[in-house]
């Protein structure tokens with residue numbers, strides 16, 4: 001993604017310099033704003049601010065969570081003292097969230113190419129973290145469901161145990177994805193691992209981030 005973004009953004013900026021678009025920077029900002037609002041508003045995740053979206057993606061599901069990302073089909077009673085939920089089949093809300101996140105991923109990856117370099121302040125770090133967190137969360141959910149649906153496979157049974165409890169944490173995949181996408185764009189290495197470990201507040205994430 002980092003290489004694709006850099007090359008595509010450079011080509012767009014070069015084209016903008018030699019075209020009529022570069023002569024009307026205010027019109028460019030207005031058009032991009034209208035397009036962004038029109039595309040993003042129908043999607044509940046694109047309506048969120050990026051910091052709030054990142055917070056939801058890297059977080060773990062708890063018993064009091066009712067958002068689509070935490071909609072699982074539970075066939076076991078959950079005690080009120082239980083903070084974390086066991087592995088379960090994806091519910092209709094989670095299926096809906098997967099498609100919305102996939103659409104959000106495509107939209108953000110496309111828009112960030114055109115918004116970098118316009119005549120209003122537009123960052124690169126937070127959008128890169130957001131895009132990576134979306135991709136990581138999607139991979140984490142898919143991996144979680146594969147592990148749940150194939151509990152009898154020897155490798156998964158050995159790694160996850162019989163109950164398959166807390167075997168795959170989609171939020172951790174989101175953290176790793178955010179770090180990977182930001183690293184691809186910024187070309188940072190060890191310093192990025194330190195930054196992400198401080199952001200997440202967990203030293204246990206250093207190994208997967210590296």
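The values are calculated or read from the model by the stated rules, or taken from the named source; none is laboratory data. For clarity, every value in this text was computed on a predicted model and none was experimentally measured. Positions of Cβ are backbone-derived with ideal geometry, glycine not excepted, and every protein chain shown enters the neighbour counts.
Values as computed for the structure displayed
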{"item": "Enumerated helices (runs of 4 or more DSSP H) restricted to segment 125-210, each holding at least 2 residues that are within 30 Å of residue 6 (Cα to Cα) and modelled with pLDDT of 70 or more", "result": "125-149, 170-186, 190-200"}
{"item": "Test: residue in segment 15-24 that is in a loop (DSSP other than H, G, I, E, B) and either in contact (Cβ under 8 Å) with a residue 24 or more places away in the chain or surrounded by 11 or more Cβ atoms within 10 Å (Cβ to Cβ) (or both)", "result": "yes"}
{"item": "Check on residue 60, modelled with pLDDT of 90 or more, touching a helix residue (DSSP H, G or I) at 6+ places or on another chain (Cβ under 9 Å), under 28 Å from residue 149 (Cβ atoms) and in a loop (DSSP other than H, G, I, E, B)", "result": "no"}
{"item": "Leading residue by the ranking (surrounded by the most Cβ atoms within 10 Å (Cβ to Cβ)) among those in segment 111-149 that are within 22 Å of residue 16 (Cβ to Cβ) and free of Cβ contacts under 8 Å to residues at least 24 places away in the same chain", "result": "122"}
{"item": "Filter result for residue 47 (modelled with pLDDT of 90 or more and either in contact with a helix residue (DSSP H, G or I) (Cβ under 9 Å, 6 or more places away or on another chain) or farther than 21 Å from residue 148 by Cβ (or both))", "result": "yes"}
